[in-house]
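Everything below concerns the one structure shown next.
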Amino acid sequence: QSYGLQLVDRSGKDFDTQQLTSSDVIAFYFSAHWCPPCQHFTPVLKKFYDTLHSIGERSLKIIFVSSDKSEPEMWKYMYEAHGDWLVLKYASTDLRDRLSRQFQVSGIPQLIVIDGVGRQAVRDARQDVMGASSSTQVLTTYHTWKTAAGASAAPQADSVAQLPFGARVLIRGLQGKPENNGLEGVVQSFDASQRRYVVNVAERSLSLKAANLLQLLKLQVTTTEKPTEEDPWNEAEVAEFDEETGDLLCSVGDSEKVKRRLEPAQVRLNSGALVAVHDLKGGKEWNEQNGKVVGFDETTQRYTVQMTSDKSIKIKMDNM
């Protein structure tokens, strides 16, 4: 529901409400610069909003409904304290009053999340924001809002090639923030529009490309250089990847975590492992694409890798 909203963005340009989609979460922010509680809450809301953006979640659309005493005061407040959100035109006094009556705004600041047909979905969103002190809590709170608002999921890439939510990963190869390399995290979500994973690391949420994540998989390994079907295979877990040599290091055994360098022939990936395909001579279109292991043929020593919901290929370990 558009309400006949007359909106502008932070630069003062008109904003067409047709740009809002069913995957957006709309929140009206009733506030004013002269209000002391607003002066306290607005920076907190801005941090909440900026945190979502930093982890790739960009579907929250905040609409500032001003109760400032003049338009210049509204814009001064907007530039000094607000985030990059939308503004109800100051001249839209009738609409501002109607929104205040509809949502029973008796005091400010007030933050109200609405659903797709304009009904109130979350009334006391201000308290939710005040209670979200970490990036993990911010994301959890926002997902609760999305559910309450009935916001549909944004278009997703083929889930075959995605790391599963809850997967343990090791961060690697970051140039911008190398201090995060080597840290372990857990996949929280996937932003298809940015093609980045949201990964929780020690109460922080980072937005990372697949190339910077090593899935800490369970797999089978053997110490035999040229293994056969009769050779013993042991349960192991990916522990590290040597960027210089390209060696995969694994922790073998439940009690003693010993890292061992292993050749491709000494490793058996389990079904469900996500892999990146490279250096194929035939089927070059799959190079640099992600796929999921669904089987292994002992006779041909090739893995069956599902690339899309309706296409699989058979490749050697050397090509993953």
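The values are calculated or read from the model by the stated rules, or taken from the named source; none is laboratory data. All values derive from a computational prediction rather than experimental measurement. In this analysis, Cβ positions are derived from the backbone assuming ideal geometry, glycine residues included, and neighbour counts consider all displayed protein chains. Only protein heavy atoms, including side chains, enter the accessible area calculation; ligands, DNA and RNA are left aside. Shrake-Rupley method; radii C 1.70, N 1.55, O 1.52, S 1.80 Å.
For the reader, a short list of remarks on this structure follows.
- Formal net charge of residues neighbouring V65 (Cβ-Cβ distance under 14 Å; K, R +1; D, E -1): +2
- Maximal additional length on extending the V294-D94 stretch stands at 66.0 nm, based on 0.36 nm per residue less the C-alpha distance.
- Computed accessible area, M320, all protein chains, 1.4 angstrom probe, square angstrom: 40
- Per principal axis, descending, Cα span of the chain in whole Å: 81, 39, 30
- Computed over neighbours whose Cβ is under 14 Å from that of K209, the net charge equals +2, Lys and Arg +1, Asp and Glu -1.
- Separation of the K69 and S271 label points, Cα + 7 Å toward Cβ, nm: 7.2
- When you filter the GluC sites (Glu not before Pro) in the stretch 282-320 for DSSP loop state and at most 13 other Cβ atoms inside 10 Å of their Cβ, you are left with E288, E298.
- Loop sites here are chymotrypsin sites (Phe, Trp or Tyr not before Pro) outside DSSP states H, G, I, E and B with no more than 13 other Cβ atoms within 10 Å. The longest part of the chain free of them is 166-320.
- Using just its DSSP H runs of length 4 or more, each adding -39500 (n - 2.57), the chain gives a mean residue ellipticity at 222 nm of -6000 deg cm²/dmol after division by all residues.
- At R0 = 45 Å, FRET efficiency that the Cβ-Cβ distance of S312 and R10 yields, to 0.05: 0.40
- Accessible surface ranking for R123, R196, 1.4 angstrom probe, highest first: R123, R196.
- In Hz, Karplus ³J(HN,Hα) per residue of the stretch 273-287 (6.51, -1.76, 1.60; θ = phi - 60°; x = Gly, Pro): 5, 8, 10, 9, 8, 8, 6, 6, 7, x, x, 4, 5, 8, 4
- The accessible-area ordering, largest first, of the residues K46, K177, K316 stands as K177, K316, K46, per a 1.4 angstrom probe.
- Each label point was placed 7 Å from the Cα along the Cα-to-Cβ direction; for D279 and T304 their separation is 2.6 nm.
- Eligible lysines near K13 by straight Cα distance, threshold 17 Å, same-chain separation 8 or greater: K61, K76, K89
- Comparing Q137, Q104, Q19 in a Gaussian network model of the chain (Cα springs below 10 Å), the most mobile by mean-square fluctuation is Q19.
- FRET E, pair Q102, K177, Förster distance 35 Å, beta-carbon r, rounded to 0.05: 0.20
- Heavy-atom accessible area per residue - the chain, 1.4 Å, Å²: 53
- Net +/- balance of residues flanking R302 in space, Cβ distance below 10 Å, scoring K and R +1, D and E -1: 0
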